[in-house]
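Report on the following structure.
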Amino acid sequence: MNKDTPPPYLPSSARKIRVLLVDDHAVVRQGLRMFLEMQNDMEVVGEGVNGIEAVALAAQLCPDVILLDLMMPQMDGIEATRRILESNPQSRVLILTSFGEDDQVFPAIRAGAQGYLLKDIQPRDLVQAVRETHQGKTQLHPEIARRLMAAVAGEAPPRKALPASPPKDLQGLTEREREVLDLIARGLSNREIADRMVISEKTVKTHVSNLLDKLGLEDRTRAAIWALKHGLGSED
């Protein structure tokens, strides 16, 4: 069921995040709708089954976030992303798919997708990803982030242990923050970092927030790229 577009003068902080679901599997759309509409700050404004419907519904409904599958009939998610953002640059496209191959990931990001997540994501993590996508933050599955960072850092020196004299910015981090940064560069999620360091996930989030502030970076993806370029992220 589609809902009317809210008045343009209504402040974004005074309304719910408007989400459009596009997936050719009805059971997936139903599950996503049920879970997202349990959140008091979100509403599902429409559903589509292919890329053509995604483009049309995005133009009609002006959603804040579009949860979009990649492999769909008639028009795939990559082309749909490109067309959606050409006519609706204010919308954010968040890819949610089962496919993580490079020939799908990189074209989707180049087309303008704000994030790329796999369907094995935990429901609570997906909800947070929708919120952060709405805020303009990049959302990447850890394995996707690893591949993207490897591509971006392709011209950087091979990853190795930290040099004897690390960069000045890195010296400003605590030992724990440096350890968290190193694990981020390896593509680990907050939960995986917490397990590895035997600390709570809340503590990991605090370390991440502190190191982002100290390094002047916007999000963990940029932190991981920065870390790779400065020699972190090598496997034990």
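Okay, here's what the table says:
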| quantity | calculated |
| --- | --- |
| Packing-based exposure ordering (other Cβ within 10 Å, fewest first) of Ile121, Ile95, Ile66, Ile17 | Ile121, Ile17, Ile95, Ile66 |
| Amide proton proximity set for Arg92, modelled H, under 5 Å, gap of 5+ | Val65, Ile66 |
| Global form of the stretch 85-151, assessed from the alpha-carbon gyration tensor, a/c cut-off 1.5 | oblate |
| Taking Thr221, Thr174 and counting other C-beta atoms within 10 Å, the order from fewest to most | Thr174, Thr221 |
| Prolate/oblate/rounded label for the stretch 12-140 (Cα gyration tensor, a/c 1.5) | rounded |
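Any read-out appearing in this document is the output of simple, stated calculations on the displayed coordinates, not a laboratory observation. Since the model is a prediction, treat every value here as computed from it, not as a measurement. Cβ coordinates were reconstructed from backbone atoms using ideal geometry, including for glycine residues, and neighbour counts include every protein chain displayed.
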